[in-house]
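Notes follow once the structure below has been shown.
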Amino acid sequence: MGSEEQDRRDEEPPKGGPSSQEGLSTQHEQGESSAEETEGVTQEETSALSRELEDVRRERDEYLDNMRRMKAEFDNSRTRLEREHARSVELASERLVTELLPILDNLERALEADGDVKEGVEATRGQLVDILAEEGLNPISSEEGQSFDPAVHEALMGKPSEEHEEDTVIQTLERGYVLNGKPIRAAKVVVSKGV
C-alpha cells in the first residue's frame, strides 16, 4: 500500500491549491510579475547610481582641476620668489660695492703717493670699518686677559704663563667678526696654559 499511496499523491494536485496545469501557469505569472518588480527597482536603482557616479566624477574632475591650478600657482610663486630673492641679493651686493669703491680709490691714491702712507691707510681703514659697521659687522672682543670663549675664539696655540690664569687670551693673531650678532669668523688667539 505504501507504493500505491505514493503514486496517488503524485497524481493528485495539492489540497487547496490549483491543479498542476494551473499551478504552473500561476507560478509563471507570479515569476513574471516579480521579475518586472525586480527589474523596475533595479532600473530605478541603476539610474540613481548612474547619477551618483556622474556627480562623483564631476566632483573628482573639479578637485583635479583645482589641484592642478594650485600646483601651477605654487610653482609660479616659487619662481617669482626665487627671482625676487636673487634680485635682492644683487641689489645688496651692488649697494655694498658702491660704498666700498671710495675706499678702493683711497688705497690706490695711497699707493701712488710718495713718502709715508701710514696716515692715509689708517684713514682708509677707518672708512672701511664704518661702512662695514653700518652693514652689521662688528669685531669680536679678544683683548689680552679676557677669558677664552670657544663660541667666538679659536685657540691656535697655548703658552705657559705665570701672569694669566689658564684659558685666558694672551694674544690675538687675527681679529674675529660677528655679522648682525652671528659669528662669521672666530678670532684666532693664543691661550695661556698652566705652568
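The values are calculated or read from the model by the stated rules, or taken from the named source; none is laboratory data. It should be emphasised that the depicted structure is a prediction, and the values quoted were computed from it without experimental measurement. With ideal geometry, Cβ positions are generated from the backbone for all residues, glycine too; neighbour counts draw on all protein chains shown.
Go through segment 118-137 and give me each residue that's more than 23 Å from Ala92 (Cβ to Cβ) and among the aliphatic types (A, V, I, L, M). If the condition is that a residue be more than 23 Å from Ala92 (Cβ to Cβ) and among the aliphatic types (A, V, I, L, M), then Val121, Ala123 are the ones that fit. Within segment 175-187, work out how many residues are under 9 Å from Val152 (Cα atoms) and among the basic types (Lys, Arg). Residues meeting the conditions: 1. The lone criterion from (1) outside any loop (DSSP other than H, G, I, E, B); (2) more than 43 Å from the chain's Cα centre (by Cα); (3) surrounded by 15 or more Cβ atoms within 10 Å (Cβ to Cβ) left unmet by Lys188 is number (2).
Restricting segment 134-185 to residues that are among the basic types (Lys, Arg) and within 38 Å of the chain's Cα centre (by Cα), the residue that is farthest from Leu96 (Cα to Cα) is Arg175. Considering Ser93, Ser50, which residue is of a type in the set (Ser, Thr, Tyr), modelled with pLDDT of 55 or more, surrounded by 10 or more Cβ atoms within 10 Å (Cβ to Cβ) and under 30 Å from Gln127 (Cα atoms)? Residue meeting the stated conditions: Ser93.
Could you tell me whether segment 105-125 includes any residue that is outside any helix (DSSP H, G or I) and within 42 Å of the chain's Cα centre (by Cα)?
Within segment 105-125 (the criterion being outside any helix (DSSP H, G or I) and within 42 Å of the chain's Cα centre (by Cα)), the answer is no, since none of the residues qualifies.
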